[in-house]
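Just below is one structure, and these are the notes that go with it.
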Amino acid sequence: MQYDVPVKTVAHPILKGLNAPQQQAVETVEGPVLILAGAGSGKTRALTHRIAHLMGQGVAPWQILAVTFTNRAATEMKERIRSLLHITEGIDLVEVGMGSGRMPTMGTFHSICARILRRDIEHLGRDRRFVIYDSSDQETLMKKVLKAMNIDEKELKPRAALGYIGRFKSEAMSPKEAAVQATTARMQHVIRAYERYQAALREANALDFDDLILETVRLFHEVPDVLARYQNTWKYLHVDEYQDTNHAQYLFISLLAEKHRNLCVIGDPDQSIYAFRGADIRNILEFTHEYPNALRIKLEQNYRSTQPILTAANAIIAANPNRPEKEMWTERKDGPQVVVHEVRDERREAEEVVKQADLMRASGTPLKDQAILYRTNAQSRLFEEACLRAGIPYRIVGGVKFYARKEVKDVLAYLYAILNPHDTLSLLRILNVPARKIGTTTLEHLQVFSVREKLPLWETLQNADDVPGLQESVRARILTFVSLLEKYRALSHQQPVSALTVSLLEDIGMEKWLRDDTEEGETRWENVQELLSVMHKYDALDAQTSLTSFLEEVALISEVDSLTGNKDDALTLMTLHLCKGLEFEHVMVAGCEEGIFPHSSSMFDKEQLEEERRLMYVGMTRAKTQLRIFFAQSRMLWGSVQANAPSRFLDDLPDAVTERRSDDVLSAFAWATTRAQKNLGAALDEPIVHTEERAHASIGDIEFNQDIVFEEKPTDEGAFQEGVRIMHPSFGTGTVVSRRGDVVDIRFDNGSKKSFALSIAPLKLL
């Protein structure tokens, strides 16, 4: 096949504009190649130019396979190749071996495996007209499986079972192979559910997403002739984002590459952040062990960020052991320093972040070129509220806005029903939340009775004994629900909204219901805890006013939420896991404190901690020009005040590219001098003297920051010193036992000890 451009001349568009390592990656087409492509190093460019070069050299398009992790990436690569080779017409993807389309086969692991199975799954005794179950279908099927096994959802929830099964499948483990892990009664249930789930899928002639890859691997193992056909078809293999592949995907690629060994993988071990999805970083780290003759190419020139940002990011990731060494650099040598800003608390953090975004907009950087990144979804709430107060349009990527999340709406519905039991919508929402075995048939009986007797739903529920068609057990469950609401209606006149809700959540078993041993379940419970943080603002009010004021605020925020302004220019809010592959002029990473980032779940696991560090690296390298990192002296998060140390990652930031700011002049000074002493080491014999003269002098590479924000605090906050007696509306009287900046530790007369941020806690001096 001939293309419109000549091959391999100096001005050839396929090679033009490539740096030396990129050109080497493009021109090395035979044998295994490992391309270590750092953040912003033009890896997509190298990959697409390599494929175009192969085609320009006369390799038939159908002999080239490129595997990506998103359909968007595959589409982008196709368009670039079309442009490079001036392909303007012709079919894109053809059935393997059925023709010679003008474009190579490109797509995700799942889409490519689905096409293989559509043609060849009959070799495994399966029907090629199989259906593919999405996550909702999987959950429905698992519910049926667990019901047939007489396993109560309290013992094992469908999502949790599917989570275990997904991990087994990512490791290419059958139920029989996974059975060795069944060392507990719970895991034995999981393995039996796995067996029955697979049998049910087969009976329905269905595959789930993981099966698409597993069944293809099984096909290749059990039918060598089929494997040989695909090996002879796809002689040149390319895999993007290789650090994110799991074991099953590794097996698929390894089998295809076994014959010709023309395998080019591209990725960055420093950006491997999806272990929780089954990604195995060993696939890329051990590539050269499997292919000893592999050419290893490092793409270290960055085309996105300034050198100060790269220097800071390089220093962060360098602390991870056993990683291939690479040092990102750029021709953009100049740029602002990385700002590390210590704030008083989480509210001040949100205000400052939004303020900085607005200042950047005023100086010419649109909001759409700016992003706020955070470790957990629950952190988004304060940034959303700060945006709304400041009139800043925003969008949340990959998530639902905080007050629209199901678990948040469920808790709010309980409170609305407690305040007003005639709120039928709220009653309908919570009647079976958590599950009380009150289904649609029961609702139909209730509705018929309600219409006939002209009663609102609340009164119908109160008269459940009179509703015909209901079993005694169902009547009992409805009346228990009614008693629950009546109990909390009475308590709402005695307790502030936070204490009321804590008690309610415990009564209904909400934590156990939400935390179902999955990542999603943990996130849902964190969101409920964050909702409690909002409620604490109303602890100082009388009980009834506390509830109504809180619900009023939520209603107003939800109302304004739909009016976020011009969507074409909105500030982006997202978790760090979702930001990979994106870039912004201005990036703000929030919540950089121990226990938040790195996350508390990683504290005692070396591998998880290394992944948290990679996550920080990914977040930092999204920034083109301006990078700000925030941490708080204390924050109310997930329902309690925490005063955590600054993230350990901040200790690795080089002084030469870092500007430190603080809301607290003493904290900023102490931090600067401590770091200077550490850096000077043995060369500094005399102790650092904390004097005003020293504060304004240059210490090493650190200068005292002149831009510290001074905020006037309430005059009585200074009175909260050790030994002072105080009153808290929920916990009663107590004594201040210590103070750290804005945070006081109080021992209450009932024996409990708690920490509070003075700026937000409803404390009164006695």
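Contact map, the stretch 472-483: residues that are within 20 Å of GLN447 (Cβ to Cβ) paired with residues that are open to solvent by less than 30 Å² (accessible area, probe 1.4 Å) and part of a helix (DSSP H, G or I), Cβ distance under 6 Å, separation 6+ or inter-chain. Pairs shown: VAL474/THR442; ARG475/ALA464; ILE478/LEU461; ILE478/ALA464; LEU479/ALA464; VAL482/LEU461. Of note, ARG296 satisfies the criterion of being out of contact with any Gly (no Cβ under 7 Å at 6 or more places or on another chain) and in contact (Cβ under 8 Å) with a residue 24 or more places away in the chain. Taking the stretch 312-330 as the range and being among the β-branched types (Val, Ile, Thr) and part of a loop (DSSP other than H, G, I, E, B) as the test, only THR330 passes.
For the stretch 577-595, filtering for residues that are closer than 23 Å to ARG635 by Cα, out of contact with any Lys or Arg (no Cβ under 6 Å at 6 or more places or on another chain) and not in a loop (DSSP other than H, G, I, E, B) leaves 4. In the set LEU514, LEU504, LEU531, only one residue is touching a Lys or Arg at 6+ places or on another chain (Cβ under 7 Å) and crowded, with 20+ Cβ neighbours inside 10 Å; that residue is LEU514.
Pairs meeting the criteria (first residue in the stretch 515-542 and among the polar types (S, T, N, Q), second residue open to solvent by 30 Å² or more (accessible area, probe 1.4 Å), beta carbons under 6 Å, at least 6 apart or on different chains) are THR518/ARG159; THR523/ASN377; GLN529/TRP638.
The set of residues from the stretch 308-357 being touching a Gly at 6+ places or on another chain (Cβ under 9 Å), at pLDDT 95 or above and over 30 Å from PHE287 (Cβ atoms) comprises PRO308, GLU349.
The values are calculated or read from the model by the stated rules, or taken from the named source; none is laboratory data. Predicted, not measured: the structure shown is a model, and the values here were computed from it. Backbone-built Cβ (ideal geometry, glycine too); neighbour counts: all protein chains shown. Surface areas here come from the heavy atoms of the whole protein model, side chains and all, with no ligands, DNA or RNA. Shrake-Rupley method; radii C 1.70, N 1.55, O 1.52, S 1.80 Å.
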